[in-house]
Amino acid sequence: MTNDRDQPAVAPPTLLAVAQRAKVSRSTASRVINGSPQVTEEAIRAVTNAIAELNYVPNRVARSLARRSTQTIAMVIPQHTSKFFADPYFAAVIQGAALHVATTDYTLTLMIESDDDPDKTRRFLEGGNVDGALILSHFSRDAEYISLSRLLPVVFGVRPLTTDDGPYYVVDVDNAEAAALPTRHLVERGRTRVAMIGAPQSMSAGRDRREGWQTTLALAGLDEGPFEEGDFTPAGGAAAMERLLGQGRPIDGLVAASAQMAYGAMGVLKERGIAVPADIAVATIDNNFFSTSAGPPLTSVDLNTDTKGAVMAQTLLRIIAGETVERTTTIPIDLIERDST
């Protein structure tokens, strides 16, 4: 009786075996497998048939070495860890990117920039450890990564606030329109004194959202309402609301640049006995659990953040593959009406 374990192991087919079966050179077989355009249709058919007949599986490690590829991309969060873990925006973008990358041969590495050594992340990226990077942050420090785009493909999730025209790509929403939508919504409901709790003016999105709010009021023939800056947190929104009320200017509408800040602002209004929406109607940019758990639930602009993450990853992988990609991709947005307006 013969034991299967006594049978000699059959070596898997090699690239050379594929080339011999296809009657092409080893280099031609390699070019076909690696997707090179510099091969004939006849060679592609012959090599493809040989691969199927031999059940050949390309060695990904060898292919990566040949291409000088790591098969890895990084998502970089140049942000303080306390803000990263408290902000649902980041989780949604990461989820969208991760789900897309999971459908490919690539691996997604998440990198939260070190508070103690912010240059550590860039040194890692510049060391050839990844094939490209997704840069996701709220703040203007993103501009420091533009020089990185001269070494490897870089896709930003927020337009960098800089005049440096580096070879980077941007996937984002139209932030001016993201503020115009809720402002217009309030105006259409008869609100004439619309204030704003804005994002930091050190970031492009913060400036664009303020501009969208200002422009919409001007087009409606209304005076610009009071403005205070927040920091994307409920506490920051509450503090900004206190400052708005402290200005002494009448308010009947409020646009907040994030759901977290709107949530904090509504807590202040409740403490002051100011009814929402009867006294002040509130609308916000971004749509997450802060929007739905507020009392009353917040009218919100859905930024389709998970889609943004997926498109960022898709864009980066297309660039790595050598495809021609638009320098800027705009994600569509939607207004979701709820009881706060």
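Each value in this text was obtained by applying a stated rule to the coordinates, not by laboratory testing. Quick caveat: nothing in here was measured; it's all calculated off a predicted structure. Neighbour counts run over all protein chains shown; Cβ positions are idealised from the backbone, glycine included.
General remarks:
- Label-to-label distance, nm, for residues given as Glu41 and Leu222 (7 Å Cα→Cβ offset): 6.2 nm
- Estimated at 0.36 nm per residue, the fully extended path between Ser69 and Asp165 surpasses their Cα-Cα distance by 31.9 nm.
- Beta bridges per DSSP with both ends in the chain, % antiparallel, nearest 5: 10 percent
- Of the labelled figures [x] 145; [y] 200; [z] 154, only one reflects volume of the Cα convex hull per residue in Å³ as derived from the coordinates, namely [y].
- For segment 175-302: rounded, prolate or oblate by the Cα gyration tensor [a/c cutoff 1.5]: rounded
- In a fully extended conformation the segment linking Arg189 and Ala102 would gain 26.9 nm over its present Cα-Cα distance, using 0.36 nm per residue.
- Segment 209-249 and segment 298-341 have their alpha-carbon centroids 25 Å apart.
- Approximate spin-label separation Ala275-Arg243, in nm, with each point projected 7 Å along Cα-to-Cβ: 3.0 nm
- Relative packing of 284-294, 312-322, 45-55, which averages over residues the other C-beta atoms within 10 Å, highest first: 284-294, 312-322, 45-55
- Normalised by the number of residues in segment 175-302, the average gap of Cα pairs under 8 Å and 6 or more apart makes the relative contact order 27 percent.
- Other-chain or far-sequence residues with amide H under 5 Å of Met75's (modelled H): Thr109, Leu110, Met111, Leu134
- Our helix-only sum for the chain, with -39,500 (n - 2.57) per DSSP H run of n ≥ 4 divided by its residues, gives a mean residue ellipticity at 222 nm of -12500 deg cm²/dmol.
- Projected label points at Thr328 and Leu110, each 7 Å from Cα along the beta carbon direction, are separated by 3.0 nanometres.
- Extension gain, Thr215 to Asn129: 0.36 nm times the residue separation minus the Cα-Cα distance gives 26.5 nm.
- Relative contact order %, the chain, counting alpha carbon pairs below 8 Å whose residues are six or more apart: 16 percent
- Sequence-distant aspartates and glutamates (8 or more away, or on other chains) whose Cα lies within less than 13 Å of Lys83: Glu113, Asp115, Asp231
- Sorted ascending by nearby beta carbons within 10 Å, beginning with the fewest, Arg272, Arg122, Arg191 become Arg272, Arg122, Arg191.
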